[in-house]
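Student: Okay, handing you the structure first.
Where a number appears in this text, it was derived from the coordinates with a stated rule and is not lab data. What you are looking at is a predicted structure, and each value in this text was computed from that prediction instead of being measured. All Cβ positions, even for glycine, are placed from backbone atoms using ideal geometry, and neighbour counts span all protein chains on display.
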Amino acid sequence: MPPHEAEVFFLTKNFGKFKEASAVLSRFGIRVLRMSEDRVEIQSDDLCEISKFSSLEASKAHGVPLIAEDAGLFVYSLRGFPGPYSSYAFRTIGVRGLLKLLEGVVDRRAEFKSAVSFCAPGLDPLCFLGIARGRISEEARGSQGFGFDPIFIPDGGGERTFAEMGLEEKNKYSHRAKALEKFARWFKGEKWPLNSDADRSEAE
Ligand code: ITT
C-alpha cells in the first residue's frame, strides 16, 4: 500500500460506504477521514445534483475538502425505481419488499449508480459518476456488505451477489469504486489551489 500523500473527508453515516471508499482511495495514496453527521439532501432525480449540494454545504460549514456520495439501485422493469429513493425504499419495503415487487418478473436487469461529489472551500462541487450493471437475484444471498447487496448480481462476477463477495471483490465491480477511481485520478492530477472556473463534471 502506498504511503498516504493526501487526505479527504467523506461525509457519510453509512459505515459500509466508508470502508469501501477507504480501500479504493488508499490504493491512490489518499487517506479517507469519516465525517458522520447528517448530510443536507435536496430532492432531485439527479444523483449528482444531490451529492453536489451535500458536498457544497458541508465544505462551507467545515472549511475542508470533502466528498459526499448519493447512490441508488435502478431496476429496469420498475422504470428505475427505487433510484434516488433507494435509502427510503430500503428502510421501508427493504430487500424482501423489492423481491416481492419482482415476483414472476423475467427481466431482472438493474444497475447501481454512484455519484461522488468533491468540494473544497472556494471551489464549485464536481461530480464523478460510476455505474455497475447487473440483475436482481431470485432470493437474497450472502451476509457481507450492506443495503441491497444480497440481491444484486453484478455482470462479470459469476452468479454471486455483492453480499457473497468480500469488500475487495465487490470493489472490482462496484459503482462506488468506479466513481471513486475517477475522482482519485482527477484529485491526484490536480495542482493546488484548484481552479474553480473550469467545468470538470464527469459522467459515463
Ligand atoms: P449517506 O447518505 O449517509 O452516505 P445512505 O446509506 O443514506 O448513507 P444513500 O442516500 O446514497 O446513502 O443511500 C442509497 C441507498 O441505496 C442505501 O441506503 C442502500 O440501501 C442502497 N445502496 C447504495 N449503494 C449500495 C451498495 O453498494 N450496496 C447495496 N446497497 C446500496
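Student: At R0 = 25 Å, how high is the FRET efficiency between residue 41 and residue 19 if r is their beta carbon distance? Nearest 0.05 is fine.
Tutor: 0.70
Student: Let me ask another. Starting from the Cα of residue 124, step 7 Å along the direction of its Cβ; do the same at residue 106; then give the gap between the two resulting points in nm.
Tutor: Placing both labels 7 Å beyond Cα along the Cβ direction yields 4.7 nm.
Student: Can you give me the Kirkwood hydrodynamic radius for the range 4-56, using every pair of distinct Cα atoms, in Å to one decimal?
Tutor: 12.0 Å
Student: Let me ask something additional. Residue by residue through the range 151-167, which ³J(HN,Hα) values in whole Hz follow from phi under the Karplus form 6.51 cos²θ - 1.76 cosθ + 1.60 (θ = phi - 60°), with glycine and proline marked x?
Tutor: After applying 6.51 cos²θ - 1.76 cosθ + 1.60, I find 10, 10, 9, x, 4, x, x, x, 9, 7, 7, 4, 6, 8, 9, x, 4 Hz.
Student: Tell me, rounded to the nearest percent, the portion of alpha carbon pairs in the range 142-193 spaced more than 18 Å apart.
Tutor: For the range 142-193, the fraction of Cα-Cα distances above 18 Å is 39 percent.
Student: Please report the equivalent ellipsoid semi-axes of the range 48-114, computed as sqrt(5 x eigenvalue) of the Cα gyration tensor, largest first, in whole Å.
Tutor: Working: eigenvalues 197, 27, 10 Å².
Semi-axes, largest first: 31, 12, 7 Å.
Student: R0 = 45 Å: FRET efficiency of residue 159 with residue 60, Cβ-based, nearest 0.05?
Tutor: Working: r = 46 Å, r/R0 = 1.01.
Efficiency for this residue pair is about 0.50.
Student: May I ask for the angle, rounded to the nearest 10°, between helix 175-189 and the longest principal axis of the chain, with both axes built from Cα atoms and the value confined to 0 to 90°?
Tutor: Result, in degrees: 20.
Student: Sticking with this structure for a sec: How many times 2.2 N^0.38 Å is the alpha carbon radius of gyration of the chain?
Tutor: 1.01
Student: Based on alpha-carbon centroids, what's the gap between the range 123-172 and the range 10-40 in Å, whole number please?
Tutor: Their Cα centres are 17 Å away from one another.
Student: Work from the charge dipole of the range 12-59 (Cβ charges, +1 for Lys and Arg, -1 for Asp and Glu, about the Cα centre) and give the residue of 58, 28, 43 farthest towards its positive end.
Tutor: 28
Student: Arrange 146, 15, 187 by Cβ neighbour counts within 10 Å, fewest through most, would you?
Tutor: Placing the least packed residue first, the sequence is 15, 146, 187.
Student: Could I ask something else about it? If you place +1 on the Cβ of every Lys and Arg, -1 on the Cβ of every Asp and Glu, and leave all else neutral, what size is the dipole of the range 89-138 about its Cα centre, to the nearest 20 Debye?
Tutor: Value, rounded to 20: 180 debye.
Student: Show me, for the range 33-42, the HN-Hα J-couplings you get by feeding each phi into the Karplus relation (A = 6.51, B = -1.76, C = 1.60, θ = phi - 60°), rounded to Hz, glycine and proline as x.
Tutor: 10, 8, 10, 10, 7, 4, 9, 6, 10, 8
Student: Per residue of the chain, what 222 nm ellipticity follows from adding -39500 (n - 2.57) for every DSSP H run with n ≥ 4, rounded to the nearest 500?
Tutor: Only helices count here, giving -9500 deg cm²/dmol.
Student: What is the angle, in °, between the Cα long axis of helix 15-26 and the longest principal axis of the Cα atoms in the chain? Nearest 10 is fine, range 0 to 90.
Tutor: Rounded to the nearest ten degrees, it is 60.
Student: Same structure, new question: I need to check one value: relative contact order of the chain, counting alpha carbon pairs closer than 8 Å and at least 6 residues apart, in percent.
Tutor: Once divided by the residue count of the chain, the mean separation gives 19 percent.
Student: In what sequence do 106, 95, 64 fall when counting other Cβ within 10 Å, fewest first?
Tutor: Neighbour counts put them in this order, fewest first: 106, 64, 95.
Student: Dipole magnitude of the chain about its Cα centre, charges +1 at Lys/Arg Cβ and -1 at Asp/Glu Cβ only, in debye to the nearest 20? List each step's numbers first, then the result.
Tutor: On the way: 29 positive and 30 negative charges, 80 e Å.
About 380 debye.
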